[in-house]
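The values are calculated or read from the model by the stated rules, or taken from the named source; none is laboratory data. Source: prediction; values computed, not measured. Quick reminder, even Gly has a Cβ in these numbers, built from the backbone with ideal geometry, and neighbours come from all protein chains shown.
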Amino acid sequence: MKRHYDVIVVGARVAGSTLAYEMAKAGYEVLLLDKSTFPSDTLSTHNFYGNSLAMLREMGVLEELLATGTPTYKRAVVQFEDAVIDGRFPEVMGETECLCIRRTHLDDILFKHAAAQDRVTAIEGFRVAELIEEDGKVVGVEGVRKNGMREQFRAKLVVGADGRNSRVRGLAGSECLQAVPTDFASYVGYFSNYKQDGELHAELYKMDDKIAIVFPTSDNLYVVGVMFPLEDEDWMERFKVLPEQAMLTLLETGFAGTPLAERMRDAELAMPIKGLLGYDNDWHQGMGPGWALVGDALTFKDPAVGQGMQDALYGARILTDVLSAYPDWDASWNEMAGVYQARMEEKMMFHFQLACQFTKNNPFTEEQRMVNRLIASSPEATSAFLGTYNRAAGPHDLGQAIGRLVQGAAPGAAEPA
């Protein structure tokens with residue numbers, strides 16, 4: 001097989017397989033590597049909003065993803081203490097639905113789709129051990145196959161798409177530009193027989209110092225996640241000893257005034273509960289001579305905001321666009337790095353900052369409670385609020401909607417002079 005490529009992508013899940021597909025379509029020869037074999041699961045949120053579904057449709061994989069039987073949904077119910085924000089996500093890029101598809105289906109389909117492209121060579125079960133460097137530039141990778149064979153591959157660019165604990169990032173020496181540690185422990189379980197009222201919908205609850213999320217997902221299951229402060233030694237011990245009982249008890253006692261307890265009474269755990277104890281919301285230097293980062297390797301955000309999947313898609317497209325704009329990469333590393341960093345920050349910084357707020361155990365201020373109630377009282381503000389998640393609206397749109405409510409103007413009225 002070939003030993004030299006234009007691009008080596010390390011990590012073949014959402015960010016990596018999407019990047020391999022995009023780079024191949026742009027005319028580059030790509031080697032796609034992953035230490036795992038597919039299908040395989042991984043701990044993550046796995047929700048796509050309408051803007052992401054539009055990109056998946058453009059890639060030619062949406063119909064195959066939907067053929068797994070994973071349901072779509074349009075509605076979300078967000079409860080911030082006594083404020084219940086209930087509405088549908090606004091249409092974006094021609095799409096109205098959302099999709100929360102399990103990684104066992106998602107990653108396998110994306111990997112096979114990327115591997116089927118004419119300019120993509122894909123290898124599963126290959127663990128990168130080292131980056132090869134010459135004259136201060138990364139020029140390839142050295143790693144080991146599952147059978148123990150050690151191999152080297154070279155390329156003009158090596159991209160780390162290998163997750164929040166990226167080995168490529170560490171070996172390349174990427175600088176961490178921002179890091180906000182979480183105050184929460186997160187646990188996730190998949191349940192059958194979870195009963196919602198009305199149409200399928202996503203659920204998010206923040207009550208005092210605890211957070212819960214619920215999404216309808218693949219295989220007739222719901223994914224249920226809970227977050228509580230790391231400093232809460234009692235709950236930490238309960239989850240360590242009996243995680244299923246701890247999750248059910250926390251949902252029963254920690255979310256009074258929500259429908260969670262009743263909906264969980266007949267639910268049955270379908271597979272072991274998994275936890276994530278302590279993590280940073282971080283943002284790293286995205287590119288250097290011969291290397292780049294995409295997906296969680298570049299920036300990891302608190303799972304409560306559910307932006308990781310679509311940012312992986314956006315990041316792959318942005319990186320491909322930047323690289324395609326520069327015919328001579330070796331003469332342009334610094335300029336490309338600056339453009340890539342700026343474009344990624346423009347696209348994703350709002351949601352990164354939102355995640356940094358979610359990740360701290362700070363109670364709502366009285367002003368925040370008032371704003372939450374205003375949003376819940378108005379279909380216009382609810383649509384703008386949900387639109388910030390699927391990027392049909394921005395923070396400015398939400399601010400304007402709230403401003404009209406504060407000023408007492410009717411929805412759709414002109415802004416005060």
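Numbers below:
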| read-out | value |
| --- | --- |
| Extreme residue, farthest from A20 (Cα to Cα), among residues of region 133-165 that are in contact with a Phe, Trp or Tyr (Cβ under 9 Å, 6 or more places away or on another chain) and among the aliphatic types (A, V, I, L, M) | V144 |
| Checklist (1) more than 17 Å from the chain's Cα centre (by Cα); (2) surrounded by fewer than 19 Cβ atoms within 10 Å (Cβ to Cβ); (3) of a type in the set (V, I, T) applied to V78, failing item | (2) |
| Among (1) more than 19 Å from L313 (Cβ to Cβ); (2) free of Cβ contacts under 8 Å to residues at least 40 places away in the same chain; (3) in contact with an Asp or Glu (Cβ under 8 Å, 6 or more places away or on another chain), the one test that R57 misses | (1) |
| Qualifying residue in region 372-392 (condition: at positive phi and among the basic types (K, R)) | yes |
| Residue check, M344 in a helix (DSSP H, G or I) and either over 25 Å from the mean Cα position of the chain (by Cα) or basic (K, R) (or both) | no |
| Number of positions in region 1-32 that are touching a Phe, Trp or Tyr at 6+ places or on another chain (Cβ under 6 Å) and hydroxyl-bearing (S, T, Y) | 1 |
| Tally of residues being surrounded by 15 or more Cβ atoms within 10 Å (Cβ to Cβ) and farther than 30 Å from Y49 by Cα across region 209-238 | 4 |
| Filter result for A337 (crowded, with 21+ Cβ neighbours inside 10 Å and part of a helix (DSSP H, G or I)) | no |
| Count - residues of region 101-137 that are without any contact (Cβ under 8 Å) to a residue 60 or more places away in the chain, out of contact with any strand residue (DSSP E or B) (no Cβ under 8 Å at 6 or more places or on another chain) and of a type in the set (A, V, I, L, M, F, W, C) | 2 |
| Any chance Q407 is under 26 Å from G87 (Cα atoms), surrounded by fewer than 19 Cβ atoms within 10 Å (Cβ to Cβ), over 27 Å from the mean Cα position of the chain (by Cα) and free of Cβ contacts under 8 Å to residues at least 12 places away in the same chain | yes |
| Residue in region 65-73 that is of a type in the set (S, T, Y), in a loop (DSSP other than H, G, I, E, B), touching a Lys or Arg at 6+ places or on another chain (Cβ under 6 Å) and not assigned by TED's automatic domain parsing to the domain that holds K146 present | no |
| Looking only at region 349-401, and only at residues there that are in contact with a Lys or Arg (Cβ under 9 Å, 6 or more places away or on another chain) and of a type in the set (G, A, S), the one that is farthest from K301 (Cα to Cα) | S378 |
| Residues located in region 9-46, provided they are of a type outside the set (G, A, S), crowded, with 19+ Cβ neighbours inside 10 Å and at pLDDT below 95 | T45, H46 |
| Unique match (being over 14 Å from G254 (Cβ atoms), outside any loop (DSSP other than H, G, I, E, B), in the same structural domain as A261 (by TED's automatic domain parsing) and in contact (Cβ under 8 Å) with a residue 12 or more places away in the chain) among F191, F228 | F191 |
| Qualifying residue in region 33-46 (condition: under 28 Å from A393 (Cα atoms), part of a helix (DSSP H, G or I) and under 19 Å from the mean Cα position of the chain (by Cα)) | no |
| E142 out of contact with any strand residue (DSSP E or B) (no Cβ under 6 Å at 6 or more places or on another chain), assigned to a strand (DSSP E or B) and under 16 Å from Y5 (Cα atoms) | no |
| Complete set of residues in region 147-199 that are loosely packed, with under 12 Cβ neighbours inside 10 Å and under 28 Å from M236 (Cα atoms) | N165 |
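Every residue, every condition in (1) buried (at least 17 other Cβ atoms within 10 Å of the Cβ); (2) over 18 Å from V224 (Cα atoms); (3) in contact with a Pro (Cβ under 8 Å, 6 or more places away or on another chain), yes or no:
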position: K240; (1), (2), (3): no, no, no
position: A246; (1), (2), (3): yes, no, no
position: T249; (1), (2), (3): no, no, no
position: E262; (1), (2), (3): no, no, no
position: P289; (1), (2), (3): yes, yes, no
position: L293; (1), (2), (3): yes, yes, no
position: D311; (1), (2), (3): yes, yes, no
